[in-house]
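Accompanying notes for the structure given below.
The values are calculated or read from the model by the stated rules, or taken from the named source; none is laboratory data. From a predicted model like this one, the values you see are computed outputs, not experimental measurements. When we count neighbours, we look across all protein chains shown, and the Cβ atoms used for this are built from the backbone with ideal geometry, even at glycine. Ligands, DNA and RNA are excluded from the accessible area calculation, which covers all protein heavy atoms including side chains. Shrake-Rupley method; radii C 1.70, N 1.55, O 1.52, S 1.80 Å.
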Amino acid sequence: MEATAILPIMKKRLAFLSGGKDRRSGLILTIPLCSEQTNMDELSATLGYLLSIPSEKCKARGFTVIVDGRKSQWNIVKTVVLMLQNVIPAEVSLVCVVKPDEFWDKKVTHFCFWKEKDRLGFEVILVSANKLTRYIEPCQLTEEFGGSLVYDHIDWLNKRLVFEKFTRESTSLLDELAIINGNEKGNRQDKERATDYNFLPSFDPETVLQTGHELLSELQQRRFNGSDGGVSWSPMDDELLAQPQVMKLLDSLREQYTRYQEVCRQRSKRTQLEEIQQKVMQVVNWLEGPGTEQLRTQGGIGDSIRASQALQQKHEEIESQHSEWFAVYVELNQQIAALLNAGDEEDLVELKGLQQQLSDVCYQQASQLEFRQNILQSAHEFHAVAQDLSQQLDGLLGMLCADVAPADGSAIQQTLKHLEEKLKSVAGTLQGLREKGQVLLDQMSNQASWAYGKDVTIENKENVEHIQGVMEDMQLRKQRCEDMVDVRRLKMLQMVQLFKCEEDAAQAVEWLSELLEAQLKTHIRLGDDAQEVKSLLEKHRKFVDVAQSTYDYGRQLLQATVVLCQSLRCTTRCSGDTLPRLNRVWKQFTVTSEERVHRLEMASTFHTAAEKILKERLEQPKVSTDFEAYEEVEAVGKSLLDRLTVPVVYPDGTEQFFGSPSDMASSAEHVREKMKLVGMKKLQQEEEEEEEQQLQQQQHQEDEEEEGGEKPDEAASANS
């Protein structure tokens with residue numbers, strides 16, 4: 001009986017052989033009763049199967065049966081114990097009934113077993129789970145009884161199923177292989193007789209062998225490996241018995257399978273030779289017939305990339321049909337090579353002839369396909385480059401025909417650079433087109449014949465003329481674009497000059513504005529003396545010369561823009577507001593400069609007159625200075641002070657002051673101090689003149705008095 005027949009019952013784990021042994025080396029049979037009612041027929045079937053596994057030697061040592069009644073009732077336990085007497089009476093040496101914590105009536109149970117002891121033929125003891133170790137070592141008990149023995153019922157059942165399946169299949173396979181090998185030996189002795197026994201075995205030998213090796217490896221591994229806890233583990237008796245049985249079956253199976261492989265090889269070789277001869281002729285007839293005709297009708301290269309793609313697609317269809325036959329050729333060549341390696345002298349000449357014929361035809365056809373594919377690929381590349389070049393020329397022509405309206409010089413430079421890059425790209429693409437065209441022409445000029453072993457001239461005149469015409473047309477279009485690029489380059493360079501002139505003119509206006517601002521904010525000193533005023537006048541003249549040259553430079557640039565606009569016929573462009581701004585700033589600068597000169601000249605007159613008075617008073621203090629000179633200094637000083645308070649009035653009515661109020665106050669204060677100094681000199685001179693007049697008057701009076709005293713004396717003398 002096999003486990004497959006009672007597999008649903010075996011899965012219930014009604015009883016099992018854990019591999020543990022008692023102190024007499026007898027096997028331990030465990031019957032775990034559950035709380036539900038146990039089916040005695042199923043338990044009997046399970047026990048019958050389990051007891052069929054151990055050898056007679058193992059059975060002779062007797063069994064120790066553990067009836068786990070902790071979850072069952074006493075009447076069920078009693079029934080199971082009595083059933084053991086019917087199933088395995090001679091093999092049972094001891095029955096250990098594991099009692100629950102709340103035990104049954106001790107008198108009843110003891111009386112019953114004592115009463116049946118002689119009739120049963122084996123000893124029955126009631127024991128709690130924690131006292132089982134008095135009779136069985138802990139390492140031989142499973143975990144449910146507090147032991148350390150590892151047992152997985154499902155794993156054991158799966159291994160058992162694999163073993164029984166292997167045994168069944170290998171035995172059947174050995175019988176079938178023996179029949180096949182015997183029949184093949186008889187057929188070889190009588191080649192004329194038909195083979196009626198060319199059937200296949202029911203099972204795959206490779207699969208059965210692999211299953212057996214895996215099973216043997218698993219059994220050997222469980223035999224030599226210990227448990228994880230380090231406790232020595234003894235293999236189950238059925239596993240020890242299974243190993244030599246599996247090894248014996250494997251040896252027999254390998255022997256028969258080797259003979260079967262040789263039989264299959266000889267049988268396949270005979271069948272292959274017949275099939276090869278038939279397939280070789282099919283391949284040769286198709287390649288020399290329809291295949292060659294398909295290639296003969298294909299000779300064009302197309303006049304565009306779309307046409308070349310269509311031809312490539314058609315060629316791919318032809319290649320696809322050839323590929324099917326080439327695949328047959330590869331398979332046939334491998335089969336022929338395998339037969340040649342077998343070394344049968346009677347078939348060598350025929351096989352080599354078939355192989356040579358097949359190779360010659362296939363290689364010739366493959367070379368023609370490859371040659372045609374190369375031509376189509378080159379044609380596709382040629383048309384692709386031609387289409388790309390045509391698009392580049394169209395784009396370049398569109399740029400050249402469009403109006404040029406750049407915003408500034410940098411945009412023009414960018415456009416020029418873009419044009420140069422496009423022209424360079426066109427030149428490179430045209431060179432690539434020439435190279436592709438030459439490659440295609442060379443391929444067509446070297447085109448071999450389509451027919452194998454014959455020289456056939458293929459007419460390519462139309463294709464050659466098309467290639468040369470495309471290259472010439474592209475060369476003419478490129479030359480026209482180059483001429484237009486030269487014209488556009490000249491026009492853009494003039495526009496660059498125009499933008500540069502406009503930019504420089506605007507810069508001149510900015511410079512002139514900066515000079516005006518500098519004159520108003522920094523040119524405010526009037527000098528401390530006449531010499532400094534003279535130096536300031538000289539610097540101012542140089543400053544005005546710089547402004548004049550800046551203004552003239554801006555005017556020249558604006559005149560140049562007018563000339564360039566006329567040359568470019570750019571009527572929409574003009575100087576804009578640059579010229580009015582230039583003239584306005586120049587007028588403001590001129591007015592400011594004139595005011596500056598006027599103030600410096602007044603300051604020069606003032607300082608010259610004041611210094612002359614001060615010098616005369618210092619060098620000739622006795623000499624009186626004309627009071628008109630004092631009045632002139634005073635008048636000029638007052639006019640200068642008044643001038644400093646007056647703003648500069650531009651032609652457009654706007655006003656602007658020199659410097660800040662504090663700067664003007666500083667200059668005015670210096671003028672006032674000098675006027676004050678001259679006034680003091682004037683006052684001093686007046687006081688001196690007044691003292692001198694008083695002295696003259698006093699002297700005159702003294703002279704008159706002296707003259708009055710002399711006259712009485714004269715009269716007295718006269719009288720005397």
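Quick query: amide H of Val648 versus all other amide H atoms, modeled in the peptide plane; which residues come in under 5 Å with a sequence gap of 5 or more or a different chain?
So Val648 has HN proximity to Gln656, Phe657, Phe658.
Rounded to the nearest percent, how much of the accessible area of the range 625-710 (1.4 Å probe, protein heavy atoms only) is carbon and sulfur?
48
With all protein chains present, how much of the accessible area of the range 491-532 (probe radius 1.4 Å) comes from carbon and sulfur, to the nearest whole percent?
Solvent-exposed carbon and sulfur of the range 491-532 make up 52 percent of the total.
Quote the accessible area belonging to Lys436 in square angstrom, nearest 10, computed with a 1.4 Å probe and with ligands, DNA and RNA left uncounted.
So the heavy atoms of Lys436 present about 70 Å² to solvent.
Full-extension gain between Gln37 and Lys521, please, as 0.36 nm times their residue separation minus the C-alpha to C-alpha distance.
Result: 162.1 nm gained on full extension.
Could you list, in their original order, any pairs among Lys12/Lys59; Lys422/Lys478; Lys279/Lys314; Lys21/Lys71; Lys21/Lys131; Lys615/Lys674 whose Cα atoms are separated by more than 19 Å?
Beyond 19 Å: Lys12/Lys59; Lys279/Lys314; Lys21/Lys71.
Give me the distance in nm between label points sitting 7 Å out from Cα along the Cα-to-Cβ direction at Glu56 and Val649, one decimal.
Result for the modelled spin labels: 15.2 nm.
Which whole-Hz ³J(HN,Hα) couplings does the range 591-597 yield from phi under the Karplus relation 6.51 cos²θ - 1.76 cosθ + 1.60, θ = phi - 60°, glycine and proline marked x?
For the range 591-597, the Karplus-derived couplings read 4, 5, 5, 5, 5, 5, 5 Hz, x marking Gly and Pro.
Through the Karplus equation 6.51 cos²θ - 1.76 cosθ + 1.60, θ set to phi - 60°, convert the phi angles of the range 37-44 into ³J(HN,Hα) values in whole Hz; use x for Gly and Pro.
Once rounded to whole Hz, the list reads 5, 8, 7, 5, 5, 5, 5, 5.
Roughly how many Å² is the accessible area per residue of the range 262-373, as a whole number, for a 1.4 Å probe?
55
To the nearest 20 debye, what charge dipole does the range 584-667 have about its Cα centre, counting +1 at the Cβ of each Lys and Arg and -1 at the Cβ of each Asp and Glu?
240
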